[in-house]
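Some notes on the structure that comes next.
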Amino acid sequence: MKKHLCVLLILLMVVNFPACSRQLNNTRTAQENASRVIYAVFTCPNEELLPASLISNELISDNTPPPDAEEVQAKKQELTDRWEAEVGDCFSPQDFQSFINNSLQVDYLSFAYFYNLEITVVKIDAAVENSGIQDYTVTLKVESDAFEPVECQVQCKFIYNAKEQTLIRSMNVTDNDEFMDIIYINAELRPLLLD
């Protein structure tokens, strides 16, 4: 009897081990994954995710030679690798690639770099998840030497993966022009946007 019980316990452990290891690799909730992505996208500047070496300051004109295709591809791959290390496990592999192709992840980082802004996440308010979709209101604090610190809000919509419900399928951001208004209102930055 003891022998059969021992064999049964070992068999149960072997059968359940793969399921346990998957759970250990994905112990975060969908909301925790969304929060990680929000902080990565909106905490600026961030040399880890968008170093100055990957940003081109060259003005493009008719006389500018085209960029070297291999160099562009290498920079794109480096950027992808950096984002994958930071938030890649918040997405399935194909959904992560869609996130990268969308280029949303560098929009605010680029603004921070070009306009010398510091952006921090002040608060994240999550709405109730409904059928795998969840809206977040994110309050940002924008600082610069050109103006007093100011807060604005952006709306983030996360759609979660239907099969792995803790993973993110996509992220969309709407800022209702609050962020851009901060820049337009400040005269020292206005010429940069209009040129």
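Just so it is clear, none of the values below were taken in a lab; they were calculated from the coordinates. What you see is a predicted model; the values in this text were computed from it and never measured. Ideal geometry is used to build each Cβ from the backbone, glycine not excepted, and the neighbour counts take in all protein chains shown.
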*Rg to Rh quotient for segment 88-195, alpha carbon positions, Kirkwood Rh*: 1.03
*Ordered by residue, what ³J(HN,Hα) values in Hz, to whole numbers, does segment 134-142 give under the Karplus form 6.51 cos²θ - 1.76 cosθ + 1.60, where θ = phi - 60° and Gly and Pro are x?*
9, 9, 10, 9, 10, 8, 10, 10, 10
*Subtract the Cα-Cα distance of E70 and A127 from 0.36 nm times their separation in residues, and report this length gain in nm to one decimal.*
16.2 nm
_How far apart, in nanometres, would the label points at L104 and A52 be if each is projected 7 angstrom from Cα along the Cα-to-Cβ direction?_
3.0
*From the phi of every residue in segment 155-172, what ³J(HN,Hα) in whole Hz does the Karplus formula 6.51 cos²θ - 1.76 cosθ + 1.60 yield, where θ is phi - 60° and glycine or proline is x?*
9, 10, 10, 10, 10, 8, 5, 5, 7, 10, 5, 8, 9, 8, 8, 7, 9, 10
*asked:* Please list 3J(HN,Hα) in residue order for segment 41-46, calculated via the Karplus relation 6.51 cos²θ - 1.76 cosθ + 1.60 where θ = phi - 60°; whole Hz, with x for glycine and proline.
replied: 6, 9, 8, 9, x, 9
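Extension gain Q165-E148, at 0.36 nm per residue separation less the Cα-Cα distance, in nm? Mind showing how you got there, number by number?
Details: separation 17, 0.36 × 17 = 6.12 nm, distance 4.09 nm.
Here the answer is 2.0 nm.
Give, rounded to the nearest 20 debye, the magnitude of the charge dipole that segment 66-173 has about its Cα centre when Lys and Arg contribute +1 at Cβ and Asp and Glu contribute -1 at Cβ.
Numbers: 8 positive and 19 negative charges, 81 e Å.
Roughly 400 debye for segment 66-173.
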*Sticking with the crude label model, points 7 Å out along Cα→Cβ, report the distance from T137 to Q31 in nm, one decimal please.*
1.6
